[in-house]
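The values are calculated or read from the model by the stated rules, or taken from the named source; none is laboratory data. The structure displayed is predicted, hence computed values, not measured ones. Here the Cβ positions follow ideal geometry from the backbone for every residue, glycine too, while neighbour counts run over all protein chains shown.
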Amino acid sequence: MKKLILGGLMAFAVAACSPGADEDAGTVADAGEVNLYSSRHYDTDLALYDDFTAQTGIKVNLIEADADALIERIKSEGELSPADLLITVDAGRLWRAEEAGVLSPVESEVLAERIPIYLRHPEGLWFGLSTRARVIIYNKEAGKPEGLENYADLADPAFKGEICIRSSSNIYNISLLSSIIAHRGEEAAEEWARGVVANFARPPQGNDTAQIEAVAAGECRIAVVNTYYLARFAGGDEDQRALFDKIGVIFPDQDGNGTHINISGAGVVKTAPNRENAIRFLEYLTSESAQRYFADGNNEYPAVTGLKANSAVEKLGSFKADTLNAAEIGKNQRLAVEIFDRVGWN
Ligand code: FE
């Protein structure tokens, strides 16, 4: 077995299905292996890798680290990189991988058929496997803020001193602003960001969970968070559910472009030593059972059309999603960061 344990990174190998199988011709061990570099770190994903091995005989080796570290690692390993598939959790990061030149295009009928066109790269550099929506939440006790329907409304002076949101260095906010740039142009996007900053209840702090807690506690009336954080509360223990009950959810832009969504996705690495196995694994991830596991691991929406999210996620309500291609979101990342700097969104 190829050793993948590297300094600072956690490596985990899922054993092939037949314990006695070795290099003998005709045994499943001959199906080879696939090396995943993943920034997802959910225990449920491990069961999935095991199932893939049981079905195909292909052994799964896993390296887990932060997405940017994995991209750097693949770059520095160069031609000798063992990486076959890069799995990560934001269009912005997939775009960084694309920019770094570490991905290669894949043509697959299975992937083209199962994954909607807006959730995959136009040339097949990466494929969305699950999605999450960035929604507006409010404190129910304070009442539904009148006139708050769209992202644009967050910049309305009517909501002065009422909005909590995490920092602009966070990739979810960068991707949201990137989508606004794509829809409305740079000037309108900057004006929007300036308006939101003017409405801050406090300087940006904490992650999405902290924003949910602050809204539930009445510290802020309004916040912007990803759906999977909400679903964790909705499907959590009694205390978490009690907090969730204090929160109202607004899916923005239902009469317009639809609610901004982001993807968790994967791309085949340019230097992949096991390219065929990597494509096979990607295709496997679009099967119904795999989609279930993959999306449930983090309370996300399955990317494959027609499949439902889990009950905690469904509790948040149904909505129209923005079908802007994730590649467009990626392209505007740099400009979004500049705009955040210009308007003083820390
Ligand atoms: Fe997150």
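Side notes on the structure shown:
- Residue in segment 287-302 that is over 21 Å from A234 (Cα atoms) and in contact with a His (Cβ under 6 Å, 6 or more places away or on another chain) present: no
- One residue from V215, V197 being surrounded by fewer than 21 Cβ atoms within 10 Å (Cβ to Cβ), of a type in the set (A, V, I, L, M, F, W, C) and away from the ligand (no atom under 16 Å from the Cβ): V197
- Close Cβ contacts (under 7 Å, 6 or more residues apart or on different chains) running from residues in segment 196-215 that are among the small types (G, A, S) to residues that are within 15 Å of the ligand (Cβ to nearest atom) comprise G206/R166; A214/A223.
- Lone qualifier among G297, G267 - being crowded, with 24+ Cβ neighbours inside 10 Å and within 17 Å of the chain's Cα centre (by Cα): G267
- Just one residue in the set A278, A321 is away from the ligand (no atom under 16 Å from the Cβ) and in contact with a helix residue (DSSP H, G or I) (Cβ under 9 Å, 6 or more places away or on another chain); that residue is A321.
A quick yes/no check of all residues on (1) within 18 Å of R184 (Cα to Cα); (2) surrounded by fewer than 17 Cβ atoms within 10 Å (Cβ to Cβ); (3) at pLDDT 95 or above:
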{"residue": "K308", "(1), (2), (3)": "no, yes, no"}
{"residue": "A312", "(1), (2), (3)": "no, no, no"}
{"residue": "G330", "(1), (2), (3)": "yes, no, no"}
{"residue": "A336", "(1), (2), (3)": "yes, no, yes"}
{"residue": "G344", "(1), (2), (3)": "no, yes, yes"}
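- Residues of segment 143-189 that are outside any helix (DSSP H, G or I), more than 16 Å from the ligand (Cβ to nearest atom) and charged (D, E, K, R): K144, E146, E149, D156, K160, E162.
- Of the residues making up segment 66-100, those that are part of a loop (DSSP other than H, G, I, E, B) and within 16 Å of the ligand (Cβ to nearest atom) number 3.
- Single condition Y301 does not satisfy, out of (1) within 16 Å of the ligand (Cβ to nearest atom); (2) within 17 Å of V110 (Cβ to Cβ); (3) aromatic (F, W, Y): (2)
- Checked against (1) without any contact (Cβ under 8 Å) to a residue 24 or more places away in the chain; (2) assigned to a helix (DSSP H, G or I); (3) over 18 Å from L103 (Cβ atoms), L307 meets all criteria but (2).
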